[in-house]
Amino acid sequence: MLSVEKLAALAGQWALEPGITYLNHGSFGPSPRPVLVARRAWQERLQANPINFLNREMEGALAAARQRLGQFVGCSADDLVLTDNATFAMNIVAQSFPLAAGDEVLVTDHEYGADVRIWQQRCDTTRARLVTARLPRPLSSADEVVAALFACATPRTRLLVFSHVTSPTAVVLPAEAICRRARELGLAVCIDGPHAIGMRPLDLAALDCDYYAASCHKWLSAPIGSGFLYVHPRAQTGIRSPVVSWGKPFGEVKTWRDELVWLGTRDPSALLAIPAAVDFFEAVGWEEFRAHGHALARLAREKIGELTGLEPLVPDSVDWYGSMISLPMPAGVDQSLQRTLWEQHRIEIPLTLWQDRWWIRPSCHLYTLSEDIERLVDALRGLLP
């Protein structure tokens, strides 16, 4: 575990507003100072000679960033393209994956709302069908999750889309077991992975999914506006860009990534600062980082559970939740609680409506201390019905 002195030093690497308790890293994670410095250096390099940088240097710099990222997520740089965020990456997959009338796309009932909208629109356009598998509640075993999910697969199912770590419920789904079963059935798999990057160890080559879409501004704390799409070699020939511009280099398309490099004039500094974020956390130690976040999420689970008397959705295990956890709120609570926590207590934390109940989701990062969890619990004690 990280010492108190080490945590105090690390907390100083973030420029958070004084007086706030920021328990929402899972939505938008601020970057530590070394990452901000790296991004600023890329911006200054761009501004010094935009033509030289964009036309002559950017491609090589992006390739180097992909190489570093590939080492971190366990895949070849040739199988990655850098994107602004996971939503853009998911749109690439949706626009590229072949669907026809009568086909089915299978998702879970824990999915991120934007992903559901993306695939619902794609299904509407192609006259395919979006099918939602209802997972067990509470969750207790990986086998039960796999069984419930694939019980909804049919001979018409073409693609399975699921979150590695879910957004509304903060559940770590058994990605390896799901992918293994999908391969046995010959189903393509697209994983939404923003919350897993940094929070969980990841080896994309071993996972063997077809697509993996992720943002890097969450647990990895790269700049907002940085993400990636992994595409397995077996799926790369079908990739289409949702934006038509010059491609790379200026219309001469040679690889599956080329149409996605030049999407119009943009500032690539957030993407180029991803390696600085990886370097920062490798210096801290990934095991120490993950253990710290999980310990605080567990503390929130215990303290808020004592307050509400309500059972969490998952077992008390790092296999089911990492550095954030969603906890059920009593009847009578609605989203106004989120506003009150901010306005009265300066606590930044999300509440989400999922399956007719509001859930609170504390996120814990290196700048989070046990005092922050206690502050949240004290505030809830005075606000809950």
per DSSP, antiparallel bridges as share of beta bridges in region 38-280, % nearest 5, sits at 35 percent
Against the globular-protein guess of 2.2 N^0.38 Å, express the Cα radius of gyration of region 295-364 as a ratio, rounded to two decimals. 1.07
So how compact is region 147-272: Cα radius of gyration and Dmax in angstrom? 16.3, 48
Among Pro233, Ala41, Pro275, which residue has its Cα positioned farthest towards the positive end of the charge dipole of region 38-280, with +1 placed on the Cβ of Lys and Arg, -1 on the Cβ of Asp and Glu, and the dipole taken about the Cα centre? Ala41
Relative contact order (percent) for the chain, with alpha-carbon contacts under 8 angstrom and 6 or more residues of separation? 23 percent
Cα-based Rg and Dmax for region 57-166, where Dmax is the largest Cα-Cα distance (Å): 16.7, 51
For a quick check: sort Lys6, Lys218, Lys303, Lys254 by the number of other beta carbons within 10 angstrom, fewest at the front. Lys254, Lys6, Lys303, Lys218
Three-way shape call for region 5-115 based on the alpha-carbon gyration tensor, with the a/c threshold at 1.5: oblate
From the C-alpha coordinates alone, can you work out the Kirkwood hydrodynamic radius of region 85-139, in Å? 11.8 Å
222 nm [θ] for the chain, helices only, -39500 (n - 2.57) per DSSP H run of 4+, per residue, to 500? -12000 deg cm²/dmol
Of Trp286, Trp262, how do they rank once you tally other Cβ atoms within 10 Å and put the fewest first? Trp286, Trp262
Signed unit charges on C-beta, dipole axis of the chain, positive-most listed residue Leu10, Val93, His110: Val93
Between rounded, prolate and oblate, where does the chain land on the alpha carbon gyration tensor, with a ≥ b ≥ c its root eigenvalues, rounded for a/c under 1.5, else prolate if a/b exceeds b/c? oblate
Give me the one-decimal Kirkwood hydrodynamic radius in Å for region 186-245, with the sum taken over alpha-carbon pairs. 12.7 Å
For Ser140 and Leu383 in the same chain, what is the full-extension length gain: residue separation times 0.36 nm, less their Cα-Cα distance, in nm? 84.4 nm
Considering only C-alpha atoms, what is the centroid distance from region 276-332 to region 157-229, in Å? 19 Å
What ranking of Ser3, Ser245, Ser323, Ser163 emerges when the number of other C-beta atoms within 10 Å of each C-beta is taken as an exposure proxy, fewest first? Ser3, Ser245, Ser163, Ser323
What is the distance in Å between the Cα centres of region 2-35 and region 41-91? 25 Å
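Throughout, read-outs are computed from the coordinates displayed, never taken from laboratory work. Nothing here was measured: the structure is a model prediction, and the numbers come from that model. Neighbour counts are summed over all protein chains in view; Cβ atoms, including those assigned to glycine, are modelled from backbone coordinates with ideal geometry.
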